[in-house]
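Heads up, the thing below is written out as structure tokens.
The values are calculated or read from the model by the stated rules, or taken from the named source; none is laboratory data. Quick caveat, the model's predicted, so the values are computed rather than measured. Cβ coordinates were reconstructed from backbone atoms using ideal geometry, including for glycine residues, and neighbour counts include every protein chain displayed.
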Amino acid sequence: MADIKTEDIIKQLEKRLTSFAIDAKVENIGQVEKNSDGVIVASGLSEAIMGEKVYFEKGEIGLVFNLNEDFVSIILIDRGENIKEGDKIKRSGQLLSILASEELKGRIINPLGIPLDGKLKIKNGEDMPLERIAPGVVQREPVDTPLKTGIKAIDSMIPIGRGQRELIIGDRGLGKTAIAIDTIINQKPIRQLTDKNQKPVICIYVAIGQKQSTVAQIIGKLKDQGALDYTIIVAANASDPVSLQYLAPYAGVAIAESFMQKGQDVLIIYDDLTKHAWAFRQISLILGRPAGREAYPGDIFYLHSRLLERAVKLNKKNGGGSITAIPIIETQANDISAYIPTNVISITDGQIYLQPDLFNTGIRPAINVGNSVSRVGGAAQTAAIKSVSGKLRLELAQYRELAAFAQFGSELDEATLNQIERGKRLTEILKQEQYEPLDEPLEILSIWVVISGLVDNIPVEAIPRFEKEYHEFIKTHNPKIIEALSSGEKINETTVKQLQQATNEFKKVVTL
Amino acid sequence: MPKKLLKQLIDLSFVNNKLNQKRVERIVRLLSRNELKFYLKGLKKRERELSVFIDNAMKTVGIDEMFKSIFPNRKIVVNINPSLLLGLRITDNDNVFELSLKNSLDKITSYLEE
């Protein structure tokens with residue numbers, strides 16, 4: 001290391017001081033009147049603006065949340081045990097913001113950008129405001145690029161496009177987070193190499209009011225799968241102040257916007273918005289705002305609509321970047337008609353509905369295809385998967401109807417029985433293990449082989465093993481088929497013939 | 001009594017920006033315990049608003065008169081605060097004007113630290 005001379009340091013300091021201006025300091029200050037439940041009521045601060053960051057005497061940070069005639073209400077972002085009546089409050093003159101840069105990839109931070117992973121503080125980056133108006137209609141373009149989740153049931157029947165907002169809704173413990181995590185894992189750049197037209201996706205996982213152990217588990221899983229390198233975790237855990245839980249999704253989307261402005265595609269997962277609504281309800285009740293339905297404040301809809309409106313697909317003129325939002329909502333006793341679920345359903349462009357009955361019968365992911373919908377994703381689906389998914393939806397719908405009939409035990413004709421058997425195999429093939437997302441060609445293979453009726457004579461229980469071995473067989477013996485399916489173009493007759501031939505060959509060698 | 005009315009009573013307790021003892025005594029008799037609490041808090045706040053606090057590093061002759069001309073009809077409260085090292089700190093309601101050596105030194109330190 002080179003020696004640093006004292007003279008050099010003095011010279012540097014002198015140089016810096018020549019550009020320093022000693023001006024009088026003018027401050028607008030306030031005084032703490034009351035400190036209760038993380039909310040400070042203060043007098044003074046007559047020039048404070050809504051959403052402004054303020055500092056307390058011992059460096060604690062607060063956020064101006066209510067401007068009244070005689071006082072200002074401030075929510076504490078730090079712990080506030082040491083704040084006493086009479087303490088001074090200083091204005092910062094800034095709205096709350098977060099530093100966003102490439103350095104954030106692979107990091108775990110809180111909504112203020114403070115690292116939670118014990119690594120160095122992020123000092124460089126673009127200062128992104130947490131609250132921002134979503135891009136207008138002129139800057140947007142329709143969703144046309146798929147965001148592949150690697151989950152057969154979703155990619156085929158409820159496709160998600162880049163720039164879409166797709167809700168995952170269901171009771172606790174049904175695998176909502178699992179779908180989100182699988183989607184992140186599937187964005188691994190190596191996987192996406194099969195499709196050269198696709199830009200890599202940066203993932204942001206926002207944990208709101210979750211147990212620290214759950215977040216640690218998710219981080220561990222992402223690390224094991226090599227997905228943390230392109231993922232940013234913004235965590236406000238259950239033990240963090242409620243204000244941080246409220247700010248977490250806005251911090252996540254602010255980081256996402258920084259990447260989107262550079263023309264990149266971002267996937268953001270809000271896990272979950274039910275807890276976010278709870279945090280906002282708590283703040284509102286403490287602030288004394290009038291309570292409405294289920295004690296939520298009047299602006300609870302705006303809370304989520306302004307957040308989800310920031311998910312966007314920008315047009316080429318504006319860089320062509322996108323933010324795809326996957327919010328998660330936890331229902332109580334399967335009630336999707338509660339206040340927050342209906343709000344978020346109406347804001348998003350579709351929902352993936354998970355049902356306990358399906359989960360308990362071993363169908364995982366427990367997606368209820370009938371109640372799930374993707375309003376814009378269809379346009380983003382490739383022609384290849386579209387050609388098999390149309391038939392899949394129809395066959396599944398018919399199977400559900402016939403299966404309900406068959407429960408009565410009445411005698412059925414052969415055609416109906418065949419349809420039920422096909423439906424059983426379809427249901428079986430759509431089952432998927434956690435953390436095992438599939439590439440699109442393999443998804444198409446699985447669905448095609450059942451729809452074409454080539455596995456009708458294979459027992460339902462043997463389907464999972466058949467699928468695994470079938471994928472391996474095609475990958476090793478018929479890479480051209482994979483190549484053809486990877487192109488995204490509609491499956492042509494030559495490919496169908498090749499597929500039929502390969503499947504028949506495989507059926508000869510496989511022992512089930 | 002509604003808070004709006006209590007605020008009016010606080011306004012009426014001052015004559016020419018000075019607290020009028022007779023008026024206060026009359027008002028206090030009419031108020032309940034809670035109203036009295038609010039009223040006293042309001043009086044203190046108004047008193048603070050009508051005062052300008054000058055923190056001076058050392059005793060200076062004639063400083064009161066000088067500031068009376070700058071802030072007419074306001075009560076000037078001068079404190080000696082040696083921690084300022086040199087100069088003044090003027091507190092007018094929630095606005096603080098810091099013209100002290102301590103502030104300059106603090107600013108230089110934080111500037112160099114950056």
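What the table shows:
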read-out: Residues of region A:53-62 classified as away from chain B (no Cβ under 14 Å) and buried (at least 22 other Cβ atoms within 10 Å of the Cβ), total; value: 2
read-out: Residue tally, condition surrounded by 21 or more Cβ atoms within 10 Å (Cβ to Cβ), under 21 Å from A:P129 (Cα atoms) and more than 12 Å from chain B (Cβ to nearest Cβ), over region A:20-52; value: 1
read-out: Whichever residue in region A:50-66 is over 19 Å from A:R289 (Cα atoms) and not in a strand (DSSP E or B) and, among such residues, is nearest to the chain's Cα centre (by Cα); value: A:E60
read-out: A:K211 vs. criteria touching a Lys or Arg at 6+ places or on another chain (Cβ under 9 Å) and surrounded by fewer than 18 Cβ atoms within 10 Å (Cβ to Cβ); value: no
read-out: Failed item, numbered, when A:N371 is tested on (1) over 23 Å from A:P464 (Cβ atoms); (2) buried (at least 22 other Cβ atoms within 10 Å of the Cβ); value: (2)
read-out: Total residues in region B:47-62, condition within 8 Å of the chain's Cα centre (by Cα) and among the hydrophobic types (A, V, I, L, M, F, W, C); value: 3
read-out: Candidates A:P249, A:P241, A:P290, A:P200, filtered to the one that is touching a Phe, Trp or Tyr at 6+ places or on another chain (Cβ under 8 Å) and farther than 23 Å from A:G170 by Cβ; value: A:P200
read-out: Among the candidates A:E47, A:E81, A:E69, A:E33, residue that is at pLDDT 90 or above and assigned to a loop (DSSP other than H, G, I, E, B); value: A:E47
read-out: Strands (runs of 3 or more DSSP E) fully within region B:4-114 counting 1 or more residues that are away from every other protein chain (no Cβ under 11 Å) and among the acidic types (D, E); value: B:51-56
read-out: Lone qualifier among A:P129, A:P189 - being more than 17 Å from the chain's Cα centre (by Cα), over 21 Å from A:K223 (Cβ atoms), surrounded by fewer than 19 Cβ atoms within 10 Å (Cβ to Cβ) and in contact (Cβ under 8 Å) with a residue 24 or more places away in the chain; value: A:P129
read-out: Any hit, region A:376-392, residues being within 22 Å of A:R364 (Cβ to Cβ) and touching a strand residue (DSSP E or B) at 6+ places or on another chain (Cβ under 6 Å); value: yes
read-out: So A:Q407, is it over 30 Å from A:L222 (Cβ atoms) and modelled with pLDDT under 90; value: yes
read-out: In region A:470-495, the residues that are surrounded by 15 or more Cβ atoms within 10 Å (Cβ to Cβ) and either at pLDDT 95 or above or part of a helix (DSSP H, G or I) (or both); value: A:Y470, A:H471, A:F473, A:I474, A:K475, A:I481, A:I482, A:A484, A:L485, A:S486, A:T495
read-out: Filter pass, A:I268 being modelled with pLDDT of 95 or more, β-branched (V, I, T) and surrounded by 22 or more Cβ atoms within 10 Å (Cβ to Cβ); value: yes
read-out: Residue within region A:138-154 that is among the basic types (K, R), surrounded by fewer than 24 Cβ atoms within 10 Å (Cβ to Cβ) and either part of a loop (DSSP other than H, G, I, E, B) or in contact (Cβ under 8 Å) with a residue 24 or more places away in the chain (or both) present; value: yes
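Let's see how each residue does on (1) touching a residue at least 40 places away in the same chain (Cβ under 8 Å); (2) closer than 19 Å to A:L287 by Cβ:
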residue: A:I29; (1), (2): yes, no
residue: A:V39; (1), (2): yes, yes
residue: A:E47; (1), (2): yes, no
residue: A:M50; (1), (2): no, yes
residue: A:D70; (1), (2): no, yes
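Rundown of residues vs (1) exposed (fewer than 15 other Cβ atoms within 10 Å of the Cβ); (2) not aromatic (F, W, Y), yes/no style:
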site	(1), (2)
B:R29	yes, yes
B:Y39	no, no
B:R48	no, yes
B:M58	yes, yes
B:V61	yes, yes
B:M66	yes, yes
B:R74	no, yes
B:V77	yes, yes
B:L88	no, yes
